[in-house]
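Here's the structure we're looking at; comments come further down.
All of the numbers you see were taken from the coordinates with simple rules; none came from a lab. As the structure is a prediction and not an experimental result, all values here were calculated from the model. As a convention, Cβ positions derive from the backbone with ideal geometry for all residues, glycine included, and neighbour counts pool all protein chains shown.
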């Protein structure tokens with residue numbers, strides 16, 4: 001079964017929420033963290049509410065926050081956030097989100113300064129009618145502060161496991177693409193500007209932070225060159241932002257079902273915060289053994305994962321491709337294929353006028369919707385979890401950029417005798433200051449049913 005069929009529509013998300021709802025959930029008991037062992041996974045506790053489509057961020061050296069998502073009861077996860085102390089494995093719920101603010105899965109979130117976290121949109125905003133709401137959570141006061149509203153025409157959120165927002169060097173938050181009412185995948189890009197002085201004074205509304213579309217130096221609204229969903233954003237060392245584009249249009253028919261068609265347009269773009277403009281990049285390379293399966297658009301990577309190497313280049317791993325003809329009809333009998341291939345974006349080549357994409361060693365396991373994280377020092381970049389062609393995986397592997405190879409790493413906790421993770425994907429992940437990788441939740445607990453409440457850390 002293609003897990004991709006669940007992505008991107010609010011209706012599909014709500015339907016997916018009932019999967020396993022009759023299963024018994026884990027009791028709300030945290031487990032002691034114990035002594036970390038390098039190169040291993042440690043289960044540190046259980047979320048109070050199982051959730052997927054959540055967003056996670058580190059707070060400080062030992063705490064992390066998980067925000068919103070979808071759960072079994074359709075309410076608790078959507079309107080809540082919780083904080084874990086990784087030293088004890090205990091999760092504590094924050095103050096409840098304000099009445100009427102129901103972000104649900106896949107909201108825009110960002111880690112601001114001084115223990116503030118931005119939350120806006122979310123797929124459930126489509127159903128509540130409260131589309132414009134945007135809030136900042138304060139760790140210090142355990143409170144939610146309303147900001148200025150999102151502008152009319154703003155996108156509400158994007159796909160699972162996405163790096164969905166970027167804090168620019170000037171402190172603004174950039175979001176781009178995603179879904180909007182009546183349009184589906186969008187070309188919109190927006191910035192949020194926080195006002196820290198007013199945040200600390202008890203103010204609210206636009207006085208603490210305001211939204212606007214991106215604009216050029218003349219004040220004109222700027223947009224992406226093409227609509228996108230299933231995409232990724234990542235900030236380069238020089239402050240520019242790279243977007244890896246996903247699909248541009250959902251195609252549906254009684255014969256083929258829902259198809260998330262590979263974009264026939266621009267596949268990647270660069271945003272320059274100084275000019276406020278997007279620049280299309282050359283299309284990504286076609287991969288032997290993957291793109292030669294069809295005569296459609298080559299190189300597209302929906303729900304890939306991205307990571308910034310220490311040398312300033314960007315590693316883009318896996319993803320899936322769903323090639324179609326011009327009418328949106330699938331070109332492959334199986335509909336899509338999951339990629340193991342890995343490419344690198346080199347901004348220095350692009351700036352020199354040279355084709356900026358390089359092909360490096362493929363992963364050992366083809367996967368999409370997976371998590372990636374930079375390990376400390378020169379330890380490499382870990383790729384873990386995700387959906388494969390036939391299901392989901394617990395496997396992990398580490399990329400050594402010096403040698404350009406992938407090495408096997410310890411797998412996440414898996415069902416006995418299998419490589420299938422106990423927590424099915426579409427949970428959320430964060431990298432702690434120590435380099436530990438935190439993974440929380442998932443669309444289903446494969447052992448006992450229900451949405452996953454497991455939490456793991458990888459000890460580098």
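For the range 43-196, the alpha-carbon coordinates run over 44, 38, 26 Å along the three principal axes, in decreasing order. For the range 299-343, averaging the sequence separation of C-alpha pairs within contact (under 8 Å, six or more residues apart) and dividing by the residue count gives a relative contact order of 35 percent. Across the chain, Cα pairs under 8 Å and at least six residues apart give a relative contact order of 15 percent. Taking semi-axes √(5λ) of the Cα gyration tensor in Å as calculated from this structure, the corresponding entry among (i) 45, 27, 20; (ii) 29, 27, 23; (iii) 80, 27, 18 is (ii). Each peptide in 326-338, 381-393 gets a packing score, the mean of other Cβ atoms within 10 Å over its residues, and the list from highest to lowest is 381-393, 326-338. Spacing of the modelled spin labels on residue 279 and residue 96, each 7 Å from Cα toward Cβ, amounts to 5.0 nm. Shape analysis of the range 216-371 places it in the oblate category; the axes a ≥ b ≥ c from the Cα gyration tensor give an a/c of at least 1.5, with a/b not above b/c.
The simple spin-label model puts a point 7 Å past each Cα toward its Cβ; for residue 201 and residue 213 those points are separated by 3.1 nm.
If each residue of separation counts as 0.36 nm, what is the full-extension length gain between residue 407 and residue 237 once their alpha-carbon separation is subtracted?
Details: separation 170, 0.36 × 170 = 61.20 nm, distance 2.61 nm.
Value of the extension gain: 58.6 nm.
Remark: the Cα gyration tensor places the range 388-460 in the oblate category, a/c being 1.5 or greater and a/b not exceeding b/c. Counted residue by residue at 0.36 nm each, then reduced by the alpha carbon distance between them, the extension gain from residue 329 to residue 272 reaches 16.9 nm. With the helix formula -39500 (n - 2.57) applied to DSSP H stretches of n ≥ 4, the chain reaches a computed 222 nm mean residue ellipticity of -1000 deg cm²/dmol. Peptides 238-250, 85-97, ordered by how many other C-beta atoms sit within 10 Å of their residues on average, highest first, read 238-250, 85-97.
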